[in-house]
Amino acid sequence: MESEKQHTKSGCHVLCLVGIIAIGCVVFFKKHVTNKSNSITLQEDVSGPSHSSMTSTSQSIGETQLSSKQLQVAHYRQGRAMILDVYLDKDIKHHAGTTFCAKIGRLGPAPTFACMSGDNWPKNVSLKIPWSHNATGEIVESLRKHFHMISWEFHLQHLEITNWEYENLVSVIIMRHPMERLLAGDAWLSKNFGPEANRTAAQWWEIANSEHTNNYALRALSPYDCCSGEHTEAKHVEGAKALLERLTFVLDLTCLDESMQALADTLGLPYDNTTRNKLHRHHKLTPRQRLGNDTLYEYLVRRNRRDIELYEWAQSRALVRCPPPTVSPTHAPVTPTMTTATRHSVVTDAAATEHITDSFTSSTSMPETTSTTSESSSAVGTSKE
């Protein structure tokens, strides 16, 4: 009897050992298959300067394998996502919000007043911005029933709280060189200092030391209280970069027409490229020449050096790479020419819709021109609103 008990006990040990080995083999096999299926590489960022190529495959790729930006674009093309233009206007004039609304917003249903509000805005949706992270999805789904695009005009809010990675939200921001922006005519400048041609040296120095010329874009995009002129800390630039990285698209106002065309192509919109925008036209003089005072110009460059740093970084992330736009005072404005775009095909889940080919422009480059501005302001723009 004792012998039989030992034999039975030994048999149980063997069976347990075999079971453990079998379970281990199953776990290893599943992990190996999962790693192999995840080895397909995709373009990670539709607006970045460098991307990996997508490995070709005869099978459709599941949505879970798409980056958040690719998924946002795919969902827009399927009619599921909405465009949001982050319009830097209340404190940062002349960032093409009106033009973008007219050229992109009016390609589909949009709020009647500047794509921001109006009599067709749904009464059950608040106009308060920015949206909190948790509320983003619900608000987007409510608005998408009515609009294909809306705009935000904001004033120093903390935009980082919004869920910019939400799969049905395509976010767009248009960046402009600070030295060009601060010279763009607006109601505040005209009311307080009159026409540009009639301003005195004292008036120009008053403008140069006002909040109007204190790193405006950086003040709006930094998650911290900003800024202190040329003494503005680098953390504000890094904070603003982190925010811009989360947005789907960055556009450069320098070549606005080409940028909007590339965006429309990417999103599958029927863009009208037969007419160019008239609000943002090239100025015949550079900012230095318009100021007519090298000391004043160099002071403004130093004062806005962090804002310029952010803009030049944003240029490298833009959907279309614009050349530093420099125009000689004795020559007609230079019209940039698009080069052939680098395109990547993205195939979405066939169960959701038919195969969609999304044309992603990997920072489409445009011919460069020689800059005539100072070394610390190598990309001063020349368009004027």
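What to note about this one:
- Potential extension, Thr200-His231 segment - 0.36 nm per residue separation minus Cα distance: 8.5 nm
- Taking packing as the residue-averaged number of other Cβ atoms within 10 angstrom, the listed peptides 126-134, 144-152, 313-321 run from highest to lowest as 313-321, 144-152, 126-134.
- Length gained when the stretch Ser132-Glu238 is fully extended (0.36 nm per residue, less Cα-Cα span): 36.0 nm
- Protection proxy ranking, peptides 202-212, 216-226, average beta carbon neighbours within 10 Å, highest first: 216-226, 202-212
- Here the calculated FRET efficiency for Lys145 and Ser210, from their Cβ-Cβ distance with R0 = 45 Å, stands at 0.55, rounded to the nearest 0.05.
- Calculated log₁₀ intensity ratio I(q)/I(0) where the Debye formula runs over C-alpha points of the stretch 165-310, q = 0.16, 0.18, 0.21 Å⁻¹: -0.99, -1.14, -1.31
- For Arg106 and Val125, the difference between the fully extended length at 0.36 nm per residue and the C-alpha to C-alpha distance is 4.8 nm.
- Residue list for the stretch 112-138, given a label point 7 angstrom along the Cα-to-Cβ vector of Gln157 and an amide N cut-off under 14 Å: 116-117, 125-137
- Candidates Ile173, Ala184, Ser132 compared by Cα position along the dipole of the stretch 101-191: farthest toward the positive end lies Ala184, with charges placed on Cβ.
- Global form of the stretch 84-229, assessed from the alpha-carbon gyration tensor, a/c cut-off 1.5: prolate
Computed from the coordinates by the stated procedures, all read-outs in this text should not be read as laboratory data. Remember, predicted model here, so these are calculated numbers, not experimental data. As a convention, Cβ positions derive from the backbone with ideal geometry for all residues, glycine included, and neighbour counts pool all protein chains shown.
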